[in-house]
Amino acid sequence: MGLFALPPIPEFDQVPTWQFTYSPCGFIGLNSTGPTSGEAFLASVNASSGAVLSAKPQEIDCQQNLSAPPPSIFSALSLQNPELVVGTGTGGTIPSQGCTSGDYCYELIVGNATSMVEPQDFSLSVDNSTGEPSTIPTGFAILSPAGQVIVYSLGDAEMSWADGVGNATTPLEWGSMIWIDMGTTNPAGQDYFLQVQGQGPYADSAAGYSLP
């Protein structure tokens, strides 16, 4: 059996994260008498605070190559320079421009998106200063580098994406933007924290970003 841990690698303003993978299987190439299947345990931990971002058991097939941990959304997607802005114009909405006119919104730029990461590969939510899910956000959006809304989600946590000029399978690219609409009250300095939870091939991994 084995326990793998990937070291925290700070990238831009991304919170360093430890990725842990426990497997009851024998190491490949080591004459092991381990089981043919079993239950693994996968976890992501904030390397700065020690807070557990995700932790979940998972059934695995020991006949597969377990010499490396599963893909991580932390490694596949990095977001740069969280910035607080105010929605432009009048009458603009999350579906039309990503941030409602007059609302306070956080903008994070995609600095890296390996392996054709798509919106469906992760979900988004915001924690407050106590580490509890916040009900403040009114919606989320992903914009193209040209500023067009690719997909959006209304509500305080993103669980599924609605189509804009793209859909949940449109690959992200460098310069794309993630927007978080925080409503009409200025959230600056309140220690909010963006949670990015991996889905699909990145399930059971997570990443986090401090919001100014």
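Since every read-out is calculated from the coordinates, none of them should be taken as a lab result. Predicted model, so just to flag it, every value in this text is computed and none were measured. Neighbour counts run over all protein chains shown; Cβ positions are idealised from the backbone, glycine included.
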Around ALA206, which amide H atoms from residues at least 5 apart in sequence, or from another chain, sit under 5 Å from its own amide H, with H modelled in the peptide plane? ILE73, PHE74, GLY198
Would you mind putting 182-190, 96-104, 111-119 in packing order, based on average other-beta-carbon counts within 10 Å, highest first? 96-104, 111-119, 182-190
What is the sum of charges around ILE73, taking Lys and Arg as +1, Asp and Glu as -1, for the other residues whose C-beta is under 12 Å from the C-beta of ILE73? -3
Per residue, the convex hull enclosing the alpha carbons of segment 76-211 has a volume in Å³ of 91 Å³
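For ASN112 and ALA146 in one chain, what is 0.36 nm times their gap in residues minus the Cα-Cα distance, to one decimal in nm? Could the numbers behind the result be given before it?
On the way: separation 34, 0.36 × 34 = 12.24 nm, distance 1.67 nm.
This chain segment gains 10.6 nm when fully extended.
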Can you figure out the FRET efficiency of ASN167 with ASP191, using R₀ = 30 Å and their beta-carbon distance, to the nearest 0.05? 0.35
Cα convex hull of segment 114-193 - mean projected area over all directions, nm²: 5.7 nm²
Spin-label pair THR88/LEU154, simplified geometry with 7 Å Cα→Cβ offset, distance in nm: 2.4 nm
